[in-house]
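The values are calculated or read from the model by the stated rules, or taken from the named source; none is laboratory data. Every value quoted in this text rests on a predicted model; they were computed, and no experiment measured them. In this analysis, Cβ positions are derived from the backbone assuming ideal geometry, glycine residues included, and neighbour counts consider all displayed protein chains. SASA here: full protein model, heavy atoms, side chains in, ligands and nucleic acids out. Shrake-Rupley method; radii C 1.70, N 1.55, O 1.52, S 1.80 Å.
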Amino acid sequence: MSLIELNKRQDAILQIVKENGPITGEHIAERLGLTRATLRPDLAILTMAGFLDARPRVGYFYAGKKSAVVLTESMLNLKVKDFQASPVVVLDQMTVYDAIIHMFSEDVGTLFVIDGDEILQGVLSRKDLLRSSIGSQDLNKIPVHMIMTRMPNIAYCKNSDTLVDAAKKLIERAIDSMPVVKETEAGVQVIGRLTKTNITRAFISLAETHDL
């Protein structure tokens, strides 16, 4: 979603109204050396966007931005780094049994699997662990790297990404969480965790801030 970008004439109109408002459309046109008809589309855009308000027989005056515009800008400025949680990681040699215990003791739905150099190797979901526990195999003998989802089939984000972009990725991949990573020469290193709960909490906080 793009923010409204004003052209030079619209900027000039705003400046005139700020300094002289309330002012009629005819007087604005006169100051710019243009006709009222020429300015009509610009005035309509500025009014609908909430920069200007208009009153009959009074004219235009500067109104700032309407709350919807401000809310949109605020939402697009939210960053992953401000809402990410600490990652819950396990080594790729951990057994499935220990991973199950670790997942429930940490009360998370996803574990991120790393190697000895802390480089992301895979992701373990509750479904992965449940699937592996069905049957007669000894879970103490199966390492998690045998059942995890591997790179490069893992969705992840960076802490500089916007929360909106991260949310889109979660929805598109139909997953509940993903690792926040930083790129290194050896691979991607896990530095955080972003979940649907984190994103929901952020948007609720934003709504409360704007009294929605």
Answer yes or no as to whether THR24 is open to solvent by less than 90 Å² (accessible area, probe 1.4 Å), at pLDDT 90 or above and in contact with a strand residue (DSSP E or B) (Cβ under 7 Å, 6 or more places away or on another chain).
yes
Please find, among ARG36, ARG57, ARG31, ARG40, the residue that is open to solvent by 50 Å² or more (accessible area, probe 1.4 Å), farther than 30 Å from THR162 by Cα and modelled with pLDDT of 90 or more.
ARG31
Condition first: open to solvent by 60 Å² or more (accessible area, probe 1.4 Å), of a type in the set (Gly, Ala, Ser) and modelled with pLDDT of 85 or more. Can you find one or more residues in the stretch 79-90 that meet it?
yes
Identify, by number, the condition in (1) open to solvent by 30 Å² or more (accessible area, probe 1.4 Å); (2) of a type in the set (A, V, I, L, M, F, W, C); (3) in contact (Cβ under 8 Å) with a residue 12 or more places away in the chain that LEU130 doesn't meet.
(3)
Scan (1) buried (at least 16 other Cβ atoms within 10 Å of the Cβ); (2) in contact with an Asp or Glu (Cβ under 8 Å, 6 or more places away or on another chain); (3) part of a loop (DSSP other than H, G, I, E, B) for the single condition ILE154 breaks and write down its number.
(2)
Do you know which of the residues in the stretch 169-199 that are basic (Lys, Arg) and either open to solvent by 60 Å² or more (accessible area, probe 1.4 Å) or within 17 Å of LYS127 (Cβ to Cβ) (or both) is farthest from the chain's Cα centre (by Cα)?
LYS182
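For SER125, state whether it is modelled with pLDDT of 90 or more, among the hydroxyl-bearing types (Ser, Thr, Tyr) and in contact with a Gly (Cβ under 9 Å, 6 or more places away or on another chain).
On the way: modelled with pLDDT of 90 or more: yes; among the hydroxyl-bearing types (Ser, Thr, Tyr): yes; in contact with a Gly (Cβ under 9 Å, 6 or more places away or on another chain): yes.
Taking the combined requirement at face value, the residue satisfies it.
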Of the residues that make up the stretch 106-113, is at least one open to solvent by less than 80 Å² (accessible area, probe 1.4 Å), modelled with pLDDT of 90 or more and at positive phi?
no
